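**Student:** I'd like to ask some things about the structure below.
The values are calculated or read from the model by the stated rules, or taken from the named source; none is laboratory data. Keep in mind it's a predicted model, so treat the numbers as computed, not measured. Note that we place each Cβ from the backbone using ideal geometry, even for glycine, and neighbour counts take in every protein chain shown.
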Amino acid sequence: MSHWLLLAAKSAWNRRLTLGLTVLAVALSVVLLLGVERVRSDAREGFTQSVSGTDLIVGARTSAVQLMLYTVFRIGEATNNMRWDAYQELARHPLIAWTIPLSLGDSHRGFPVLGTTPGYFEHFRYGDSRPLAFAAGKPFAELFDAVLGAQVAEALGYRMGDRIVLSHGIGGIGLPEHADKPFVVSGILQRTGTPVDRTVHVSLAAIQAIHLDWQGGAPVPGFSIPAQYVRKFDLTPKEITAALIGLHSRAAVFKMQRYIDDYKGEPLMAVLPGVALDELWRVVGVAENTLLAVSGMVVLVGLTGLVAVVLAGLNERRREIAVLRAVGASPRGIFLLLTTEGLLVTALGCVLGILLLLALTVAAAPLAQSRYGVALHPRVISLAELRLLALVIAVGVLASLIPGYRAYRLSLADGLAPRL
């Protein structure tokens, strides 16, 4: 077997330009296939690790996926809010150990602003129940203190003590600003690889304060309350977007969920984060499978090119094959030679594809993290990717059987005296 490998390698080297282009085509196909799988896997892992230790997410009645998206991932907007008195009543329930109120709807230079309480920094967990940690500073203590996620501070170049101005609304350009009530950076969180990194955190009282002289999403004409006077007003929020809830016992989660779903004060709903994520994966599963199918078709096109190149060069190699037959090579040996060449080209394409993907992952990881919030982890290959590679090589071997069988059928007389 080893001499056939050596012979196939030498034969391929003599046609290195043509086969090199084929190797590149296979490599690019592998990059696309494994790249889609890697982005899918890392995106799922990032979503799964975005919240940990939270038993229920509570908000106004909507779909479970939508509630999960805008409370945890800051994607989309809430269709309705829940009243503050309803939240307080739930927080006093004996089954509940802790609660984190969340108020969304404002932004700062494209980054979402989250109004919450200091308990957020105490109870919020991500990944494997990891707590939030500060790279600098501390939680907000004064009314107009702001705690920045790591990505916000890095992207905008903020440091401790810098002043920032919040905008009313999210996602747009040219939004009206709360310029008369600037915030001071009091803390910067360590990087978590979750939506926390892209969030500006302020107190619920601060959210109420900047909207005292606003009505209907716009400043009240001819009326303004200076920042130094807002403390004279009642800054208790009237409503919040949602709340995260932790229970004394996880065994009571379904009982508490039924209680919230049947709450008489207003229509609320409670979702389990894990169940909502499963539903989200079912929603996006069709798109994932479609991308994988397209990538698979690209790989098939690349391997079809391999077959075409080998078949096209087969007529030029008929004398070479005839000489091999003349010195004792059997038809089975010729078949093995052509099949081995195809295997080598496919294997080299896979290896080159892995190296290219690794380089692209290292280069694109910061952009994917900053623009899309997807943490790409540079690695050589995972188990799932290894299965895909094995499938590519298997298909490559099957494709190589076609030129191998064609060479097998060439007779010694046909090689020495080719037809005109």
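**Student:** If only one of Leu28, Leu19, Leu24, Leu7 is surrounded by fewer than 20 Cβ atoms within 10 Å (Cβ to Cβ), modelled with pLDDT under 85 and assigned to a helix (DSSP H, G or I), which one is it?
**Tutor:** It is Leu7.
**Student:** Quick one: how many residues across the stretch 159-188 are in a loop (DSSP other than H, G, I, E, B), buried (at least 20 other Cβ atoms within 10 Å of the Cβ) and aliphatic (A, V, I, L, M)?
**Tutor:** Here the count works out to 1.
**Student:** Can I ask one more? Take the conditions modelled with pLDDT under 75, more than 29 Å from the chain's Cα centre (by Cα), surrounded by fewer than 17 Cβ atoms within 10 Å (Cβ to Cβ) and at positive phi and apply them to Gly328. Does it pass? Talk me through it step by step, then tell me what you get.
**Tutor:** Values: modelled with pLDDT under 75: yes; more than 29 Å from the chain's Cα centre (by Cα): yes; surrounded by fewer than 17 Cβ atoms within 10 Å (Cβ to Cβ): yes; at positive phi: yes.
Criteria met by Gly328.
**Student:** If I go through the stretch 345-364 residue by residue, how many of them are modelled with pLDDT under 85 and surrounded by fewer than 19 Cβ atoms within 10 Å (Cβ to Cβ)?
**Tutor:** 3
**Student:** If you don't mind, another one. Picking from Ile96, Ile100, which residue would you name as being modelled with pLDDT of 95 or more, among the hydrophobic types (A, V, I, L, M, F, W, C) and closer than 30 Å to Tyr229 by Cβ?
**Tutor:** Ile100
**Student:** Would you tally the residues in the stretch 235-278 being among the acidic types (Asp, Glu) and at pLDDT below 90?
**Tutor:** Of the residues in the stretch 235-278, 1 are among the acidic types (Asp, Glu) and at pLDDT below 90.
**Student:** Any chance the stretch 134-143 includes a residue that's of a type outside the set (D, E, K, R) and under 25 Å from the mean Cα position of the chain (by Cα)?
**Tutor:** Checking the stretch 134-143: at least one residue is of a type outside the set (D, E, K, R) and under 25 Å from the mean Cα position of the chain (by Cα).
**Student:** Quick check on this structure: which one of Val202, Val196 is farther than 23 Å from Pro366 by Cβ and among the β-branched types (Val, Ile, Thr)?
**Tutor:** Testing whether each residue is farther than 23 Å from Pro366 by Cβ and among the β-branched types (Val, Ile, Thr) leaves just Val202.
Residue-wise test of (1) in the same structural domain as Val253 (by TED's automatic domain parsing); (2) among the polar types (S, T, N, Q); (3) closer than 16 Å to Val196 by Cβ.
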| site | (1), (2), (3) |
| --- | --- |
| Ala43 | no, no, no |
| Asn80 | yes, yes, no |
| Ile96 | yes, no, no |
| Pro131 | yes, no, yes |
| Ala135 | yes, no, yes |
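**Student:** Considering only the stretch 75-98, state which residues are under 19 Å from Lys238 (Cα atoms) and either touching a Lys or Arg at 6+ places or on another chain (Cβ under 8 Å) or of a type in the set (Phe, Trp, Tyr) (or both).
**Tutor:** Passing the criteria: Asn80, Arg83, Trp84, Tyr87.
**Student:** When you scan the stretch 67-74, do you find a residue that is in contact with a helix residue (DSSP H, G or I) (Cβ under 7 Å, 6 or more places away or on another chain), over 20 Å from Lys238 (Cβ atoms), outside the structural domain of Glu385 (by TED's automatic domain parsing) and free of Cβ contacts under 8 Å to residues at least 60 places away in the same chain, even just one?
**Tutor:** No, there is no match, as no residue in the stretch 67-74 is in contact with a helix residue (DSSP H, G or I) (Cβ under 7 Å, 6 or more places away or on another chain), over 20 Å from Lys238 (Cβ atoms), outside the structural domain of Glu385 (by TED's automatic domain parsing) and free of Cβ contacts under 8 Å to residues at least 60 places away in the same chain.
**Student:** Let me ask something additional. Within the set of pairs 6+ apart or on separate chains, which have a first residue in the stretch 227-248 that is farther than 30 Å from Gly274 by Cα, a second that is part of a helix (DSSP H, G or I), and C-beta atoms under 6 Å apart?
**Tutor:** Val230/Ala209; Leu235/Ala205; Leu235/Gln208; Leu235/Ala209
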